[in-house]
Amino acid sequence: MTTENDIETNDGFEEAYTDAPPWEIGRPQPEIVRLAEQGGISGDVLDVGCGTGENALYLATRGHDVVGIDASSTAIDRATEKGQDRVLDATFRVSNALGLSDLDRQFDTAIDSGLFHVFSDTERSIFVDGLRSRLHQGGRYQMLCFSDREPGTWGPRRVSRDEIEATFTGDWVVDEIQPTQFELNIESGGVHAWRATVTRL
Ligand code: SAH
(Lines give C-alpha, C1' and ligand atoms only; values in the text may rest on other atoms or scores of the structure.)
Protein backbone atom coordinates (compact mmCIF):
# COMPACT_ATOMS: atom_id res chain seq x y z
CA MET A 1 0.00 0.00 0.00
CA THR A 2 1.33 3.50 -0.79
CA THR A 3 0.02 6.97 -0.17
CA GLU A 4 0.36 10.28 -1.92
CA ASN A 5 2.69 11.60 0.72
CA ASP A 6 5.09 8.65 0.69
CA ILE A 7 8.38 9.69 2.13
CA GLU A 8 11.62 9.73 0.23
CA THR A 9 13.63 9.16 3.40
CA ASN A 10 11.61 6.09 4.29
CA ASP A 11 13.58 3.59 2.21
CA GLY A 12 15.83 2.75 5.14
CA PHE A 13 12.88 1.95 7.38
CA GLU A 14 11.02 -0.08 4.76
CA GLU A 15 14.18 -2.11 4.28
CA ALA A 16 14.69 -2.46 8.04
CA TYR A 17 11.32 -4.19 8.32
CA THR A 18 12.41 -6.98 5.93
CA ASP A 19 14.47 -8.15 8.93
CA ALA A 20 13.87 -7.66 12.67
CA PRO A 21 14.94 -4.07 13.38
CA PRO A 22 16.49 -3.39 16.82
CA TRP A 23 13.38 -1.60 18.11
CA GLU A 24 11.16 -4.62 17.42
CA ILE A 25 11.00 -6.05 20.94
CA GLY A 26 7.74 -7.94 20.49
CA ARG A 27 6.01 -6.11 23.34
CA PRO A 28 5.17 -2.52 24.20
CA GLN A 29 8.02 -0.32 25.42
CA PRO A 30 8.12 -0.70 29.24
CA GLU A 31 8.15 3.10 29.61
CA ILE A 32 4.87 3.36 27.66
CA VAL A 33 3.36 0.69 29.93
CA ARG A 34 4.56 2.55 33.03
CA LEU A 35 3.19 5.81 31.71
CA ALA A 36 -0.22 4.28 30.95
CA GLU A 37 -0.38 2.65 34.39
CA GLN A 38 0.41 6.02 35.98
CA GLY A 39 -2.44 7.70 34.10
CA GLY A 40 -0.25 9.55 31.60
CA ILE A 41 -2.33 8.50 28.62
CA SER A 42 -5.91 9.64 28.30
CA GLY A 43 -8.72 9.46 25.76
CA ASP A 44 -8.22 8.94 22.06
CA VAL A 45 -4.63 8.25 21.08
CA LEU A 46 -2.55 8.91 17.98
CA ASP A 47 0.61 6.78 17.78
CA VAL A 48 3.04 8.53 15.42
CA GLY A 49 5.57 6.21 13.79
CA CYS A 50 3.76 3.24 15.31
CA GLY A 51 5.89 0.56 13.63
CA THR A 52 4.28 -2.86 13.91
CA GLY A 53 1.88 -1.60 16.54
CA GLU A 54 2.84 -3.09 19.93
CA ASN A 55 2.35 0.20 21.80
CA ALA A 56 -0.89 1.04 19.98
CA LEU A 57 -2.31 -2.45 20.53
CA TYR A 58 -1.38 -2.37 24.21
CA LEU A 59 -3.27 0.92 24.58
CA ALA A 60 -6.23 -0.63 22.73
CA THR A 61 -6.31 -3.37 25.41
CA ARG A 62 -6.67 -0.55 27.95
CA GLY A 63 -9.76 0.73 26.16
CA HIS A 64 -8.28 3.64 24.21
CA ASP A 65 -9.46 4.42 20.71
CA VAL A 66 -6.10 4.30 18.92
CA VAL A 67 -4.92 5.32 15.47
CA GLY A 68 -1.38 4.30 14.53
CA ILE A 69 0.38 5.83 11.55
CA ASP A 70 3.67 4.90 9.96
CA ALA A 71 5.42 5.60 6.68
CA SER A 72 6.30 1.93 6.21
CA SER A 73 3.58 -0.11 4.55
CA THR A 74 5.28 -3.32 5.73
CA ALA A 75 5.05 -2.13 9.34
CA ILE A 76 1.43 -1.07 8.93
CA ASP A 77 0.46 -4.39 7.31
CA ARG A 78 2.01 -6.23 10.26
CA ALA A 79 0.32 -4.00 12.81
CA THR A 80 -3.04 -4.51 11.10
CA GLU A 81 -2.56 -8.29 11.08
CA LYS A 82 -1.62 -8.32 14.77
CA GLY A 83 -4.72 -6.30 15.59
CA GLN A 84 -6.89 -8.80 13.71
CA ASP A 85 -5.17 -11.82 15.31
CA ARG A 86 -5.62 -10.34 18.79
CA VAL A 87 -9.16 -9.21 18.03
CA LEU A 88 -8.32 -5.66 19.02
CA ASP A 89 -9.93 -2.57 17.63
CA ALA A 90 -7.13 -0.23 16.53
CA THR A 91 -6.75 1.59 13.22
CA PHE A 92 -3.45 1.55 11.33
CA ARG A 93 -2.67 3.74 8.34
CA VAL A 94 0.29 4.41 6.07
CA SER A 95 0.85 8.11 6.52
CA ASN A 96 3.66 10.65 6.72
CA ALA A 97 4.20 12.10 10.19
CA LEU A 98 5.46 15.22 8.44
CA GLY A 99 1.97 15.76 7.03
CA LEU A 100 -0.13 15.28 10.17
CA SER A 101 -2.49 18.14 9.37
CA ASP A 102 -3.91 15.88 6.61
CA LEU A 103 -5.39 13.54 9.23
CA ASP A 104 -9.11 14.06 9.62
CA ARG A 105 -9.48 14.07 13.41
CA GLN A 106 -7.99 15.27 16.68
CA PHE A 107 -6.76 13.31 19.68
CA ASP A 108 -6.35 13.68 23.45
CA THR A 109 -2.89 12.09 23.49
CA ALA A 110 -0.18 11.52 20.92
CA ILE A 111 2.47 8.93 21.71
CA ASP A 112 5.84 8.75 20.03
CA SER A 113 8.15 5.84 20.68
CA GLY A 114 11.28 6.40 18.64
CA LEU A 115 10.08 8.76 15.90
CA PHE A 116 11.14 12.28 16.97
CA HIS A 117 14.80 11.30 17.11
CA VAL A 118 14.86 10.43 13.39
CA PHE A 119 14.00 14.00 12.32
CA SER A 120 16.36 16.75 11.17
CA ASP A 121 15.95 20.21 12.73
CA THR A 122 13.76 21.35 9.84
CA GLU A 123 11.63 18.21 10.04
CA ARG A 124 11.19 18.73 13.79
CA SER A 125 9.48 22.04 13.24
CA ILE A 126 7.25 20.67 10.44
CA PHE A 127 6.34 17.71 12.64
CA VAL A 128 5.52 19.87 15.65
CA ASP A 129 3.25 22.19 13.63
CA GLY A 130 1.31 19.17 12.34
CA LEU A 131 1.19 17.59 15.78
CA ARG A 132 -0.27 20.75 17.25
CA SER A 133 -3.12 20.60 14.73
CA ARG A 134 -3.97 17.00 15.68
CA LEU A 135 -4.18 17.51 19.46
CA HIS A 136 -7.17 18.97 21.25
CA GLN A 137 -6.44 21.97 23.41
CA GLY A 138 -4.93 20.54 26.61
CA GLY A 139 -3.92 17.38 24.74
CA ARG A 140 -0.59 15.79 25.56
CA TYR A 141 2.32 14.55 23.51
CA GLN A 142 4.20 11.71 25.21
CA MET A 143 7.57 11.15 23.63
CA LEU A 144 10.30 8.56 24.07
CA CYS A 145 13.58 9.27 22.29
CA PHE A 146 17.30 8.45 22.41
CA SER A 147 19.09 10.70 24.87
CA ASP A 148 22.41 12.50 24.56
CA ARG A 149 23.48 10.47 27.60
CA GLU A 150 23.76 7.47 25.25
CA PRO A 151 27.32 7.29 23.93
CA GLY A 152 28.27 6.52 20.34
CA THR A 153 26.87 7.65 17.04
CA TRP A 154 25.18 4.48 15.78
CA GLY A 155 21.43 4.54 15.28
CA PRO A 156 19.28 7.66 15.51
CA ARG A 157 20.19 11.19 16.60
CA ARG A 158 20.81 11.82 20.25
CA VAL A 159 18.43 14.38 21.69
CA SER A 160 19.22 16.72 24.59
CA ARG A 161 16.85 18.18 27.18
CA ASP A 162 17.60 21.64 25.80
CA GLU A 163 16.60 20.54 22.31
CA ILE A 164 13.27 19.21 23.56
CA GLU A 165 12.63 22.47 25.42
CA ALA A 166 13.66 24.57 22.41
CA THR A 167 11.39 22.57 20.06
CA PHE A 168 8.21 22.98 22.11
CA THR A 169 7.83 26.70 22.62
CA GLY A 170 4.90 29.05 22.03
CA ASP A 171 1.66 27.11 22.35
CA TRP A 172 3.28 24.24 24.24
CA VAL A 173 4.34 23.56 27.81
CA VAL A 174 7.03 20.99 28.52
CA ASP A 175 5.67 19.37 31.69
CA GLU A 176 8.50 16.97 32.35
CA ILE A 177 11.56 15.33 30.85
CA GLN A 178 12.59 12.15 32.64
CA PRO A 179 15.62 9.94 32.06
CA THR A 180 14.61 6.37 31.20
CA GLN A 181 15.53 3.46 28.94
CA PHE A 182 14.47 2.65 25.40
CA GLU A 183 14.45 -1.13 25.11
CA LEU A 184 16.04 -2.73 22.07
CA ASN A 185 16.45 -6.33 21.00
CA ILE A 186 20.25 -6.08 21.24
CA GLU A 187 22.46 -7.79 23.77
CA SER A 188 22.84 -4.82 26.11
CA GLY A 189 19.04 -4.58 26.29
CA GLY A 190 18.41 -0.86 26.16
CA VAL A 191 19.77 2.64 25.69
CA HIS A 192 19.56 5.91 27.59
CA ALA A 193 16.41 7.73 26.59
CA TRP A 194 14.21 10.66 27.57
CA ARG A 195 10.52 10.43 28.20
CA ALA A 196 9.01 13.86 27.75
CA THR A 197 5.47 15.04 28.41
CA VAL A 198 4.40 18.13 26.50
CA THR A 199 0.97 19.81 26.66
CA ARG A 200 -0.67 21.70 23.82
CA LEU A 201 -2.13 24.92 25.21
N1 SAH B 1 7.08 3.23 17.49
C2 SAH B 1 7.61 1.98 17.00
C3 SAH B 1 8.64 2.13 15.87
C4 SAH B 1 9.87 2.97 16.19
S5 SAH B 1 11.05 3.05 14.84
C6 SAH B 1 8.18 1.19 18.16
O7 SAH B 1 8.30 1.71 19.27
O8 SAH B 1 8.49 0.01 17.93
C9 SAH B 1 10.56 4.57 14.03
C10 SAH B 1 9.34 4.38 13.13
O11 SAH B 1 9.04 5.63 12.53
C12 SAH B 1 9.55 3.39 11.97
O13 SAH B 1 8.51 2.46 11.99
C14 SAH B 1 9.53 4.26 10.70
O15 SAH B 1 8.97 3.59 9.60
C16 SAH B 1 8.67 5.42 11.18
N17 SAH B 1 8.89 6.68 10.45
C18 SAH B 1 10.07 7.28 10.15
N19 SAH B 1 9.86 8.46 9.51
C20 SAH B 1 8.51 8.58 9.41
C21 SAH B 1 7.66 9.59 8.88
N22 SAH B 1 8.14 10.69 8.30
N23 SAH B 1 6.31 9.39 8.95
C24 SAH B 1 5.81 8.28 9.52
N25 SAH B 1 6.56 7.31 10.06
C26 SAH B 1 7.89 7.46 10.00
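Scanning region 87-129 for residues that are over 24 Å from LEU184 (Cα atoms), of a type in the set (Phe, Trp, Tyr) and assigned to a strand (DSSP E or B) gives a single hit, PHE107.
Every test in (1) at positive phi; (2) crowded, with 17+ Cβ neighbours inside 10 Å is passed by ALA110 save one, and that test is (1).
Quick one: in region 147-201, which of the residues that are part of a loop (DSSP other than H, G, I, E, B), in contact (Cβ under 8 Å) with a residue 12 or more places away in the chain and under 18 Å from GLY130 (Cα atoms) is nearest to the chain's Cα centre (by Cα)? Give the derivation first.
As a first pass, look at region 147-201 and keep what is part of a loop (DSSP other than H, G, I, E, B): 148-158, 160, 168-171, 184-189, 201.
Remaining after also requiring in contact (Cβ under 8 Å) with a residue 12 or more places away in the chain: 148-150, 155-158, 160, 168, 171, 184-186, 201.
Filter again for under 18 Å from GLY130 (Cα atoms), leaving 168, 171, 201.
On the way: PHE168: 16, ASP171: 20, LEU201: 20 Å.
Filtering region 147-201 for residues that are part of a loop (DSSP other than H, G, I, E, B), in contact (Cβ under 8 Å) with a residue 12 or more places away in the chain and under 18 Å from GLY130 (Cα atoms), the one nearest to the chain's Cα centre (by Cα) comes out as PHE168.
Residues in region 53-72 that are more than 7 Å from the ligand (Cβ to nearest atom) and either farther than 15 Å from PRO28 by Cα or assigned to a loop (DSSP other than H, G, I, E, B) (or both): GLY53, ARG62, GLY63, HIS64, ASP65, VAL67. When the residues of region 113-135 are filtered to those that are of a type outside the set (A, V, I, L, M) and away from the ligand (no atom under 12 Å from the Cβ), the one that is surrounded by the most Cβ atoms within 10 Å (Cβ to Cβ) is ARG134. Checking region 12-27 against the condition returns no match, with no residue being more than 7 Å from the ligand (Cβ to nearest atom), surrounded by 21 or more Cβ atoms within 10 Å (Cβ to Cβ), modelled with pLDDT of 95 or more and not charged (D, E, K, R).
Do we find a residue being away from the ligand (no atom under 13 Å from the Cβ), within 23 Å of GLY138 (Cβ to Cβ), touching a residue at least 12 places away in the same chain (Cβ under 8 Å) and in a helix (DSSP H, G or I) anywhere in region 39-47? No.
Taking the criterion of being surrounded by fewer than 24 Cβ atoms within 10 Å (Cβ to Cβ), among the small types (Gly, Ala, Ser) and within 12 Å of the ligand (Cβ to nearest atom), the only residue of region 73-94 that qualifies is SER73.
The values are calculated or read from the model by the stated rules, or taken from the named source; none is laboratory data. Bear in mind the structure is a predicted one, so any value in this text is a computation, not a measurement. Reconstructed Cβ throughout: ideal geometry from the backbone, glycine too, with neighbour counts over all protein chains shown.
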